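Everything on this sheet refers to the single structure shown next.
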Amino acid sequence: MTEWLEERPGPARTRPNVRIPMRDGVELSADLFYPESDEPAPVIIKYYPYRKDDVLRGLTVDRANYYAAHGYVTALLDVRGTGASAGVCDRMLRLQEWEDGYDAVEWLASRSWCTGAVGMTGVSYGGYSALLTAAQAPPSLKAIAPIYAGWDLYENSHPGGMWQTSIWTGPYNAMMTALSGAPPAADAEGAWLEIWEEHLDRNQPWLDTWMRNPVDGPRWHEGSVRYGLENIRAATFIIGGWHDIFVSDPFYMYMGLGADVPKKLMMGPYLHIAPNIGSPGDRVDHLHEIVRWFDLHLKGEDTGIADEPPVNIWVRGYDQPKARREGANGYWRSEAGWPPTRATDEALYLHPHGRLGGTAPAGGEEGRVSYAYDPAVGISTMGLMTGFGADTGLPLDQRRDAPGSVVFLGEPLEADLEVTGFPHATLYISSTAEVTAFSVKLVDFHPDGPWALVSRGIKNATQRDSRTHPEPLVPGEISEVTIELEATSYVFEAGHRMGIMVSSSDFPLVWPLPQNAVNTIHMDTDHPSGVSLPVVRRPDSGLPPPDYRPAHPMPDPLGTNEPLRWDLVEDLTGTEVSVVISTGGDIT
């Protein structure tokens, strides 16, 4: 068992700007953090395009020192064409990066100061990097620990076939354009100038990829581990958060890994910020768990982690909807797998006059409801995609979106009811437009308070049958649309009502539609619109809950301690809504 450090680890011995040769002769740059001992040690790689000498260093140096203090060499590695690495970076998450990752793993494993065992970990892009490098199956890569990573790049950037706005195609691409043009840190050899000139001359804005690839295809596949999961041989510890950018992805990855691959899943109540400093809570020492995983698979030590249940989830309860809050209602629970075998799909059907019930419309019952497309609907859910490690952005009171939505309400619950798994909706729709979308939100209606968002999903109706070959709607013609909602584990309390809110917008999560529309939901015997919910009637899994250590204090990784700010400016004549995302500093 790894000994817990009672104090924050001090600075490790470092070796900056180590040049690692790739198969085509291009050299990537890494900073190495060494443990105190001179004995050979396993290596942990953190592989990002965020510049190891400034931005990435601020985000990860304390973690690198932590791993060094536990007997690991940590390598902070700049992606080709970024930071101090030579070469060209013309788009994100491309195949070249994973081939480079393979070469870096094997080069580091061959050093005299390495035992030959290598692991990878990282948050967000670093999690993608660990997964997609592992999909290249480098022999020396024994274990990975991706945190808050996606598995399907097209779905991540185009949820439901819509253009994702609030992070990927907005501030994130702007940030990466700025970082791409910044000079590398100066080095003694003077190589930085030549590297910078190459970056300036040949790097391309990443947004170009989004503009040129509006439908799914090979470009998106090379950045999607869903198409390479069967190649992963490294033991995989996946960490996710219910309020993260990537909610369903950790579960899809867990389910898709081979049966012979050691795997573990931890899903907590977090935004896109590490569990030890996570918001809104429950903060736990995930670094300790990662070290236990690596100690087992990189050092061969029996840490006991292999004997524990493989899936640990935070079962959510009702919380007052606020963009920022301290604490989360719920509890940790262990499961033998995912989804829980105790979960059974139960249908709730949409009925006229806003009723939600467990029986399909009766014979002869005709129902439909029409509504006008309102592009401003979604402001209350925008928190699901803030990103950037912010401690704010939780979903707001859903009552704000009610006027632009069609609301369906169930009866007050007589007892608590748990939904754990993948909900989905099936709608029978028609529209006056050829291009429209349908957003479905599962909502907890408090009898005396705000409405809380439980799960959501959206679908571009032109992609109802295919992500690669969109087909416009025929105005007035009824079509079936299936909408996958994000995975959830949530307990609706007795006295609360389950509700469904349907609209055609989720701004600013996704970009507004190009056409105005009046959309119709059909609800009759031939068109039983409704949702399927994975209901758990027996919450007790029979397994002991995880015994996580409380979070060990670490500094704000961004070094700012400034909260993220969302400013909503609404023209009361109803013609314009603006959202401005900023920090408390000078960057907007």
Under 12 Å, Cβ to Cβ, from VAL579 - net charge with Lys/Arg +1 and Asp/Glu -1 = -2
Residue by residue, what Karplus-based ³J(HN,Hα) values in Hz, rounded to whole numbers, does the range 19-34 have, using 6.51, -1.76 and 1.60 with θ = phi - 60° and x for Gly and Pro?
-> 8, 10, x, 9, 5, 9, x, 5, 10, 8, 10, 9, 9, 10, 10, 9
The answer for GLY330, listing residues at least 5 apart or on another chain whose modeled amide H is closer than 5 Å to its amide H, is GLY317
Excluding residues fewer than 8 positions from LYS322 in its own chain, the lysines with Cα under 19 Å of it are LYS441
Rg/Rh for the range 15-335: what does it come to with C-alpha atoms and Rh from Kirkwood?
-> 0.95
Amide H partners (placed H, <5 Å) of TRP163, local residues excluded | TRP511
Give or take rounding to whole Å, what are the principal axis extents of the alpha carbon atoms in the chain, in descending order?
-> 79, 55, 42
For the range 129-145, 3J(HN,Hα) per residue [Karplus equation, 6.51 cos²θ - 1.76 cosθ + 1.60, θ = phi - 60°, Hz, x = Gly/Pro] | 4, 4, 5, 6, 5, 4, 5, 7, 6, x, x, 8, 7, 9, 7, 9, 9
To the nearest 10 degrees, how steeply does helix 55-69 sit against the main Cα axis of the chain, on a 0 to 90 scale?
-> 60
By Cβ neighbour count within 10 Å, fewest first, ILE521, ILE478 rank ILE478, ILE521
Helix 286-299: angle to the longest alpha-carbon principal axis of the chain, degrees 0 to 90, nearest 10?
-> 50
Protection proxy (average C-beta count within 10 Å per residue), highest first, orders 128-138, 349-359 as 128-138, 349-359
For the cross-link pairs LYS52/LYS299; LYS46/LYS142; LYS46/LYS264; LYS52/LYS263; LYS52/LYS142, which exceed 22 Å when the distance is taken from alpha carbon to alpha carbon?
-> LYS52/LYS299; LYS52/LYS263; LYS52/LYS142
Hey, what did the chain get for relative contact order, percent, Cα under 8 Å, at least 6 apart?
-> 14
How do 326-332, 263-269 rank on mean C-beta neighbours within 10 Å, highest first?
-> 263-269, 326-332
So, with +1 on the Cβ of K and R and -1 on the Cβ of D and E, and no other charges, what is the size of the charge dipole of the chain about its Cα centre, to the nearest 20 debye?
-> 200
Computed magnitude of the charge dipole of the range 15-335 (debye, nearest 20; Cβ of K, R +1, Cβ of D, E -1) = 700
The range 106-214: GluC sites (Glu not before Pro) falling in loop per DSSP and having at most 14 other Cβ within 10 Å = GLU189
How do the peptides 66-79, 333-346, 107-120 rank, highest first, by the average count of neighbouring beta carbon atoms within 10 Å per residue?
-> 66-79, 107-120, 333-346
Show the residues, 5+ positions off or on another chain, whose built amide H is closer than 5 Å to the amide H of ILE44.
-> VAL73, THR74, ALA75, GLY119
In degrees from 0 to 90, rounded to the nearest 10, what is the angle of the helix 95-109 Cα long axis to the longest principal axis of the chain?
-> 40
Using the count of nearby Cβ atoms within 10 Å as a rough guide to exposure, how do VAL315, VAL369 rank from fewest to most?
-> VAL369, VAL315
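Bear in mind these aren't lab numbers, they're just calculated from the coordinates by the rules spelled out. Everything numeric in this text was worked out from a predicted model, so none of it was measured. As a convention, Cβ positions derive from the backbone with ideal geometry for all residues, glycine included, and neighbour counts pool all protein chains shown.
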